[in-house]
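Colleague: What follows is a structure written as structure tokens; I'll ask about it next.
The values are calculated or read from the model by the stated rules, or taken from the named source; none is laboratory data. Everything numeric here is computed off the predicted structure, so don't read it as measured data. Counting neighbours? That spans all protein chains shown, and the Cβs are built from the backbone with ideal geometry, glycine included. All accessible areas refer to the heavy atoms of the entire protein, side chains included, with ligands and DNA or RNA removed. Shrake-Rupley method; radii C 1.70, N 1.55, O 1.52, S 1.80 Å.
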Amino acid sequence: MGLIAVGIAAVKAFAVLMLVLNMSAVLLWVERKGSALIQDRIGANRANVFGVMPLNLGLLNTLVADPIKLLTKEDMVPAGADKLLHFLAPFLAVFPVLVTFAAIPFGDELVIGGQAINLQVAALDIGILYVLAMSSLAIYGVVLGGWASNSRWALLGGIRGAAQMISYEIAMGLALIGAVMAFGTLDMQAIARAQGHHFFGVIPAWGVIYQPLAFLIFLIAGIAETKRVPFDLPEGESELVSGYFTEYSGMKQAAFMLSDFAESVVVAGLAATLFFGAWQVPFLFRDGFHFPGGVIVALPHLAVVVLQIVSFTLKVFALCVFQILVRWTLPRYRYDQVMDLGWKYLLPLALANMLVTGIVIVSIG
Amino acid sequence: MRETIGITGGAARPRLRGGTGFAGAFAVLDQYIGVLITFALGTVIVLGMVSGSMIFGARSKGRRAVKDEVFECGNPSSGPARGRFSVHFYLVAILFIVFDVEVVFMYPWAIVFRQLGVPGFIEMLTFVAVLGFGLVYVWRRGALAWD
């Protein structure tokens, strides 16, 4: 392990963390403006700069003005709260979500000066297990936030959140087993490469074609894991004030907000990698486009890599926007309905999907 | 060649069973350099973020007794909040442990599933049948019902 290799890994890690953080911030803006569009209002469009005059800064409202406002808010710790856990909870809510992205490939190999750089922060053999392990750690942020605040709303939100997240984790894990059986590996870069060919020369062999039901279950469970509408009972502003982060202010509250959006990005990234061909562009191979009918457009190596990264980013963004659309279209479930959906529908469905996948693979041989 | 292990990935990357002795085992650990760096960077970013308002935030002086009270919709707080809650949540946690551990058992099987063939599939069918029986049992006993 040379210094150069460590340096390259550090650059990749930094780039991926920035990708997740910035995409979360942009999504916050998309959500505000998108919800305004859906509900026929204008949405946030003013920032008061130094108290001079309200300016319409557009995207900068969310990217610059909001963080500055939150940064200068008073940091409140309610009386009777567990101070250490109260501080630790927002950290534990964001950190596991951010590091999850280390195992998700965002491109194929980039060859510079004869050295191949794998466009994935950590090329783990057990990529999917790492992602599942890390993303389930985020439950601690919710539980501790609820417990440490010494508030009834927060405690109720934290407990609801914990029960909901662990329930949907089972369905999610079982749905992914179907995909793992189809690909035969847990290595996410290998899974991405396995989706490079085409059926009948025209249909890209993306995971969603092998495993449509697994994708559906994964997406529903994923939205439930991110605690978003229609599964936002842990927060439920009309019943629990703000749920498990009722007693948080300033940047700590922003951390909880960020963790929601970062979780959406992770769910979208995972769905894109497993079910939508990761960084694959239809008909794009390492030397350029090979369209059906024998038309070949040769491209330089760098252009191919850039196209792959752009393709991955666009897929993730599109899936995030889909989650936001779901959020502003559907009403909230009742708690018993949420738990029923997880245990009585998704869990048996995921088991059935696994068995059908097994029967198909065994009978094909 | 050692320079690029774990970073370049791809087909040249050695597997655990491909490595020899000590060196082989450590080559696998090279994969985790990226994870370690991400952990370090993530810790710095998130710690900086979470403690941001403690450093730059406004601070109010004077009487804090009312301000520090927990929010209970304007009513005076009625004491510590960590009281009793529904036993259903406890049941869900127990069921989670049972089912999630079984899901974890399925991952290694799903990878070598093709090599195991029909006998391996029948074994997993037995395992899933036991799991399904358990699910039907807790369902019929009302452990999944919320009322």
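Colleague: Counting pairs on different chains as well as pairs 8 or more places apart, how many Lys pairs in chain A have Cα atoms under 21 Å apart?
Modeller: Eligible lysine pairs with Cα atoms under 21 Å apart amount to 10.
Colleague: Something else: Which residues of the range A:145-167 end up with at least 40 Å² less accessible area in the presence of all protein chains than when their chain stands alone, using a 1.4 Å probe?
Modeller: The answer is A:Trp147, A:Asn150, A:Arg152, A:Trp153, A:Leu155, A:Ile159, A:Ile166 - residues whose exposure falls by at least 40 Å² when every protein chain is included.
Colleague: Starting from the Cα-Cα distance between A:Arg41 and A:Leu3, subtract it from 0.36 nm times their residue separation and give me the gain in nm to one decimal.
Modeller: Length difference between fully extended and current span is 8.3 nm.
Colleague: Still on this model: What does the charge count near B:Ser86 come to, summing +1 for each Lys or Arg and -1 for each Asp or Glu among other residues with Cβ under 12 Å from its Cβ?
Modeller: Local charge sum for B:Ser86: 0.
Colleague: Using the charge dipole of the range B:41-147 (Lys, Arg: +1 at Cβ; Asp, Glu: -1 at Cβ; taken about the Cα centre), state which of B:Cys73, B:Val112, B:Val101 has its Cα farthest towards the positive end.
Modeller: After comparing all options, I get B:Cys73.
Colleague: OK, next. For the full complex of protein chains and a 1.4 angstrom probe, list A:Cys320, B:Cys73 by accessible area with the highest value first.
Modeller: Working: A:Cys320 0, B:Cys73 80 Å².
Per-residue accessible area, sorted high to low, gives B:Cys73, A:Cys320.
Colleague: Could I ask something else about it? Accessible surface of B:Phe99 in the full protein assembly, 1.4 angstrom probe, to the nearest 10 Å²?
Modeller: Its heavy atoms expose roughly 10 Å² to the probe.
Colleague: Using square roots of five times the C-alpha gyration tensor eigenvalues, list the equivalent-ellipsoid semi-axes of the protein assembly as shown in whole Å, biggest first. Walk me through the numbers before you get to the answer.
Modeller: On the way: eigenvalues 301, 182, 99 Å².
Working through the eigenvalues yields semi-axes of 39, 30, 22 Å.
Colleague: Sticking with this structure for a sec: How large is ³J(HN,Hα), in whole Hz, for each residue of the range A:269-276 in order, when computed from phi with the Karplus curve 6.51 cos²θ - 1.76 cosθ + 1.60 and θ = phi - 60°, using x for Gly and Pro?
Modeller: x, 5, 5, 5, 5, 7, 10, 10
Colleague: OK, next. What figure, in Å² to the nearest 10, do you get for the accessible area of A:Trp153 with a 1.4 Å probe and non-protein molecules left out?
Modeller: Approximately 70 Å² of A:Trp153 is accessible to the 1.4 Å probe.
Colleague: Here is a further query. Compare A:Val266, A:Val64 by solvent-accessible area with a 1.4 Å probe and give them largest first, with all protein chains kept in place.
Modeller: Per-residue accessible area, sorted high to low, gives A:Val64, A:Val266.
Colleague: Here's something else I'd like to know. Compute the helix-to-body angle for A:347-364: its Cα long axis versus the longest principal axis of chain A, expressed 0 to 90° and rounded to tens.
Modeller: Long axis of A:347-364 versus the principal axis of chain A: about 10 degrees.
Colleague: Please give the total accessible area that chains A and B bury against each other, computed with a 1.4 Å probe and expressed in Å² to the nearest 100. Don't skip to the answer; put the middle values down first.
Modeller: Details: alone 17480 and 13210 Å², together 23100 Å².
Using a 1.4 Å probe on protein heavy atoms, the buried area is about 7600 Å².
Colleague: Right, another one. According to the Cα gyration tensor, what semi-axes, each the square root of 5 times an eigenvalue, does the equivalent ellipsoid of the range B:85-147 have, listed from largest to smallest in whole Å?
Modeller: 30, 13, 6
Colleague: Ignoring any ligand, DNA or RNA, what whole percent of the accessible area of chain A comes from carbon and sulfur when the probe is 1.4 angstrom?
Modeller: Here carbon and sulfur together make up 73 percent of the probe-accessible area.
Colleague: Moving on to the next point. Which angle between 0 and 90 degrees, to the nearest 10, do you get for helix A:3-38 versus the longest principal axis of chain A when only C-alpha atoms count?
Modeller: So the helix axis and the longest Cα principal axis differ by about 60 degrees.
Colleague: Rounded to the nearest 20 Debye, what is the dipole magnitude of the protein assembly as shown about its Cα centre when Lys and Arg each give +1 and Asp and Glu each give -1 at the C-beta? Write down the numbers at each step before the final one.
Modeller: Details: 34 positive and 31 negative charges, 122 e Å.
Dipole magnitude for the protein assembly as shown comes out near 580 debye.
Colleague: Give me the distance in nm between label points sitting 7 Å out from Cα along the Cα-to-Cβ direction at B:Val98 and A:Phe199, one decimal.
Modeller: 3.8 nm
Colleague: Label A:Thr329 and B:Phe85 with points 7 Å out from Cα along Cα→Cβ: what is the distance between them in nm?
Modeller: Result: 3.2 nm between the two label points.
Colleague: Once the whole set of protein chains is in place, how much accessible area is left on B:Val44, using a 1.4 Å probe, in Å² to the nearest 10?
Modeller: Accessible area of B:Val44: about 100 Å².
Colleague: Can you compute the radius of gyration and Dmax for the range A:217-264, using only the Cα atoms, both in Å?
Modeller: According to the Cα coordinates of the range A:217-264, Rg and Dmax are 11.2, 35 Å.
Colleague: Along the positive direction of the dipole of chain A (beta-carbon charges: Lys, Arg +1; Asp, Glu -1; about the Cα centre), which of A:Ala162, A:Trp343, A:Asn61 reaches farthest?
Modeller: Positive-most Cα among the choices belongs to A:Asn61.
Colleague: What is the sum of charges, Lys and Arg at +1 and Asp and Glu at -1, for the other residues whose Cβ falls under 9 Å from the Cβ of B:Trp146?
Modeller: In short, -2.
Colleague: Just the accessible area per residue of the protein assembly as shown, please: how many Å² with a 1.4 Å probe?
Modeller: Roughly 45 Å² per residue, with all protein chains present.
Colleague: Around A:Leu302, with a cut-off of 14 angstrom between Cβ atoms, what is the net charge of the other residues, counting Lys and Arg +1 and Asp and Glu -1? Numbers along the way, then the final one.
Modeller: Working: positive: A:Arg286; negative: A:Asp108, A:Glu109, A:Asp287.
That works out to -2.
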